[in-house]
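See structure below.
The values are calculated or read from the model by the stated rules, or taken from the named source; none is laboratory data. Here the structure is a predicted model, which means the values were calculated and not measured. Glycine also receives a Cβ, built like all others from the backbone with ideal geometry; neighbour counts cover every protein chain displayed.
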Amino acid sequence: MPPAPPTPTYRVSTYTVFPSGYDKVEDPSRSRWCLTVADAGDGWVIRRGHECLNFYNQWEREVPPELRDAEFRRLCLYNEHAALLRARRVIDSLDVGGFTFEEFARQVELAAFEDAPDRDDRAVDLRSRPRDAS
């Protein structure tokens, strides 16, 4: 009997970390608050665009592996578990354009409320609001 073919092995190289409530917001720009945790060859990085998060919670321009110095490796590279854990810890406090995702979601909800063509379509029951005395 011939030997069995080798079983395929799979290795995850990228994760996407979503902020709390991501699935409840229907806006095309919501992905700006997602983080990518990626295998960068010599360690794992937490990315947002072309920047990576260092140990001081500051964003640095990510440099190609061949140009990385010891300082970059020390500050910006994690092991897989640590990168995922850190990304999950910072995702809900991530500031993009002056807003956390929660603040952005509130703005989207408020805009939808104000744009509703009929009062019956609005999320808030206007009958329960106090009336203006004037």
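Quick notes
- Arg88 being surrounded by 11 or more Cβ atoms within 10 Å (Cβ to Cβ), of a type outside the set (Ser, Thr, Tyr) and at pLDDT 95 or above: yes
- As for region 30-37, it holds at least one residue that is within 11 Å of the chain's Cα centre (by Cα) and loosely packed, with under 14 Cβ neighbours inside 10 Å.
- Arg89 falls short of the stated requirement of being among the charged types (D, E, K, R), within 17 Å of Gln58 (Cα to Cα) and touching a residue at least 24 places away in the same chain (Cβ under 8 Å).
- The single residue among Val63, Val45 that is surrounded by 15 or more Cβ atoms within 10 Å (Cβ to Cβ) and either free of Cβ contacts under 8 Å to residues at least 40 places away in the same chain or in contact with a helix residue (DSSP H, G or I) (Cβ under 6 Å, 6 or more places away or on another chain) (or both) turns out to be Val45.
- Across region 43-101, the qualifying residues are those that are of a type in the set (S, T, N, Q) and assigned to a loop (DSSP other than H, G, I, E, B), and the one among them that is farthest from Arg30 (Cα to Cα) is Asn79.
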